[in-house]
Amino acid sequence: MKIHNPFRTALLATLGVGLGLLLIGSIQNLQTILLYVGTALFLSLGLDPIVAWLERRKLPRWAAVLITILAVLAAFAGIILIVVPVIVQQIGQLVAAIQKMIEDGSWNPIEDLRNWMTAQFPLLKVDDVFEYVQEWLNSLDYGAIGSEIGGSIIAIGGAVLSGLAGAFIVLILTIYFTASTPSLKRAVYQLVPASKRARFMDLGEQITDSVGYYVMGQVSLGVINGVLSAIFLSIIGAPFPAVLAVIAFFFSLIPLVGTLTGSTIIVLICLGLAESPVTALIAAIYYLVYMQIEAYVISPRIMGRAVAVPGAVVVIAALAGGSLLGLLGALVAIPVAASILIIYRQVVIPRQNER
């Protein structure tokens, strides 16, 4: 019978635990870099179908990549030069309108809440509660609060600069990954044994194509919603249509619930700031109709080449990805779930059926 040395066993176990802790700590320290790399890979897979389409038009790879990157940069430059000034102007007008309403006394949410609670709950001592809140507000050290706000503003400024630097890094990595996607794929495929390489390459191409079409489709849905929102909201005289159109675009990037959430926010803004509540009613009717058209007409046509993911899986994946990496995690989680479904349907199930 073989006798194990307890000291050696304990030493190996300790080294294993230490190596695991070191690996976890390294991942935590490198999470920002890993996030940049993952985002760039995600975006490059979204651009790859465009590059492939240009290559089918007899263009060399470098020319297709150059045209794609220049088109993306031109689109962002156009958005910045044309849309951003309008959005900044309308945000300033929005803040000024809210400030004017507060100064005129036409909008006092605290007083409105107090009157509503007094009418709804006459037996409660609402006035005593609000007097207590007012005493608490008067007892605050506004100098210290101002210092904290100043520090928060500095922190926000630093976060904005860090975000711009991160966006620049992601842009450079996206250009590199888009240009070298075929060589990166070949390098990964070489790691697989030759007997299984063909099958692995087939699955890899399906997964990358699915992710690419998903990214393109989701961005296309956002652009359609944003452009149509800008046109329709301008026609009905909604307040600050450019700002609301940007809200519609960004929320449409969120799968399944994004359009509904963005539409609700837009309708509430119209209800609170429009001259007539009829504007909010018209906007609500429009978005109800649009969501039906998007769900049954636009989305199936645009997302038809991506892998279909069941609604329950979309919700679970979005929640899990959002809890791990925020909004980006919620976006990336859907194509990851689609990739797992491809492997499940084409690898796991056939193996189980062969047994």
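The values are calculated or read from the model by the stated rules, or taken from the named source; none is laboratory data. All values derive from a computational prediction rather than experimental measurement. Glycine gets a Cβ as well: all are built from the backbone with ideal geometry, and neighbour counts include every protein chain shown. Surface accessibility is based on the protein's heavy atoms, side chains included, excluding ligands, DNA and RNA. Shrake-Rupley method; radii C 1.70, N 1.55, O 1.52, S 1.80 Å.
Remark: the ILE343-SER220 segment gains 41.6 nm on full extension, using 0.36 nm per residue and subtracting the alpha carbon distance. Summary of packing: across the peptides 262-270, 65-73, 170-178, 53-61, the per-residue average of other C-beta atoms within 10 Å ranks them, highest first, as 262-270, 170-178, 65-73, 53-61. Rolling a 1.4 angstrom probe over the protein heavy atoms with all chains in place gives segment 201-283 an accessible area of 43 Å² per residue. With a simple spin-label model that places each label point 7 Å from the Cα along the Cα-to-Cβ direction, the separation between LEU319 and LYS58 comes to 5.4 nm.
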